[in-house]
Amino acid sequence: MTNWIYEVAYALILIFPAYVANAIPVVFGGGQPIDFGRKMSDGRPVFGSHKTIRGFAAGVIAGTLVGAAEYWLMPQVAPTDFVLPYRFSLLLGFMISLGALTGDLVHSFAKRRLNISEGDPLPVVDQLDFVIGAVAFASLVSAPPLLTFGIILIITLPIHLLTNVFAYLTGAKKTPW
């Protein structure tokens, strides 16, 4: 039973830089869009006005700082009888953060191609795009076990939905998804 607690805790710790990287653009975004307002041949934006250079940079920086804190703290708090299934490092925190925001960009690109407007929902994909990007980029440094990835997917759906509702209720977001 105790091992499951550790598995869930470490899955949350591993993906936490991605959670931070994904949330920070809501607070610190705005400014110049990453696609500079360009449109594809279909007449729709490449990513859209909500994907900004400042938000992307702030997200990567904040997520990397969280990863750095985890790197320095984890050896001190890890129980001696539990072997971490992956190695924390500064590079891992950076890659998780970069992957999270890249996954979100790929998702935005796909939504524009499917003629889904900015802010309109695409259930489940909206909640997992950044996680898939984060784990894909993390795998280039230290691949998490399949169990860890599964736990991350399961816990992210309700966490993402609840944080978005909270952001909506506090006025940080215009939609609750």
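The values are calculated or read from the model by the stated rules, or taken from the named source; none is laboratory data. Just so it is clear, the model here is predicted, and its values are computed rather than measured. FYI the Cβ positions are ideal-geometry reconstructions off the backbone, even for glycines, and counts take in every protein chain you see.
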- Message: Of everything in region 142-162, what is surrounded by fewer than 19 Cβ atoms within 10 Å (Cβ to Cβ) and in a loop (DSSP other than H, G, I, E, B)? Give them in sequence order.
- Response: ALA143, PRO145
- Taking the condition under 19 Å from PHE56 (Cβ atoms) and at pLDDT 85 or above, does ALA100 pass? yes
- Item | Subset of region 18-63 (residues that are under 18 Å from GLY133 (Cβ atoms) and among the acidic types (Asp, Glu)) | ASP35
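Matching residues to (1) surrounded by 14 or more Cβ atoms within 10 Å (Cβ to Cβ); (2) modelled with pLDDT of 95 or more; (3) within 22 Å of PHE28 (Cβ to Cβ):
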| residue | (1), (2), (3) |
| --- | --- |
| ALA62 | yes, yes, yes |
| THR80 | no, no, no |
| ARG87 | no, no, no |
| PHE137 | yes, yes, yes |
| GLY171 | no, no, yes |
| LYS174 | no, no, yes |
- Query: Any idea which of PRO33, PRO25 is crowded, with 17+ Cβ neighbours inside 10 Å and over 25 Å from ALA68 (Cα atoms)?
  - Reply: PRO33
- Task: Kindly check whether there is at least one residue in region 28-38 that is modelled with pLDDT under 95 and part of a helix (DSSP H, G or I).
- Result: yes
- Task: Pull up region 39-56, narrow it to residues that are of a type in the set (Gly, Ala, Ser) and crowded, with 16+ Cβ neighbours inside 10 Å, then point me to the one that is modelled with the lowest pLDDT.
- Result: GLY48
- For region 163-177, how many residues meet the condition of being outside any helix (DSSP H, G or I) and either closer than 16 Å to ILE13 by Cβ or not basic (Lys, Arg) (or both)? 6
